[in-house]
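Below you'll find the structure, written out as structure tokens, and then a few comments.
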Amino acid sequence: MDRRPKLCTKISIKDFQDFYWLKEELIAFCRSEGLGSSGGKVEITNRIVNYLKSGEKVERDKINYRRSKSTFNWNTEELMLV
């Protein structure tokens, strides 16, 4: 029976990716290492993999994160019952 390794900075990337981690565990790891802990599970996982590879601490994925801007203006748009 394989035992899951401890989630720490010494874990190999392969071991990290081979095992299932709860989002709460990923967030706790990020907070303990000073990484950004916001976002979805995939985003947090990618942030941890990047940290394990490079040691770089990223607050939030600036490349993959884009806030969509709504063009709807509640003050000027005409609302209709459908």
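Between residue 24 and residue 54, the contour length at 0.36 nm per residue exceeds the Cα-Cα span by 8.5 nm. Counting lysine pairs in the chain whose alpha carbons fall under 15 angstrom apart, excluding pairs fewer than 8 residues apart on the same chain, gives 5.
Calculate how steeply helix 41-54 sits against the longest principal axis of the alpha-carbon atoms of the chain, using the helix alpha-carbon long axis, and give the answer as 0 to 90 degrees to the nearest 10. Around 50 degrees separate the two axes. Taking all protein chains into account, the per residue accessible area for the chain stands at 85 Å² (1.4 Å probe).
About its Cα centre, the dipole of the chain is roughly 320 debye, where the only charges are +1 on Lys and Arg Cβ and -1 on Asp and Glu Cβ. Going through [x] 1.07; [y] 0.96; [z] 1.24, the figure that equals Rg/Rh (Cα atoms, Kirkwood Rh) as computed for the structure here is [z].
Computed extension length for residue 46-residue 10: 11.3 nm, one decimal, from 0.36 nm per residue of separation with the Cα-Cα distance subtracted. Pick out, from 51, 76, 39, the residue whose Cα sits farthest towards the positive end of the charge dipole of the chain, with +1 on the Cβ of Lys and Arg and -1 on the Cβ of Asp and Glu. Final value for the positive-end residue is 51. Computed over protein heavy atoms with a 1.4 Å probe, the carbon and sulfur contribution to the accessible area of the stretch 14-62 reaches 51%.
The values are calculated or read from the model by the stated rules, or taken from the named source; none is laboratory data. Predicted model, so just to flag it, every value in this text is computed and none were measured. Glycine also receives a Cβ, built like all others from the backbone with ideal geometry; neighbour counts cover every protein chain displayed. When the accessible area is computed, the model is the full protein with side chains, heavy atoms only, and any ligands, DNA or RNA have been set aside. Shrake-Rupley method; radii C 1.70, N 1.55, O 1.52, S 1.80 Å.
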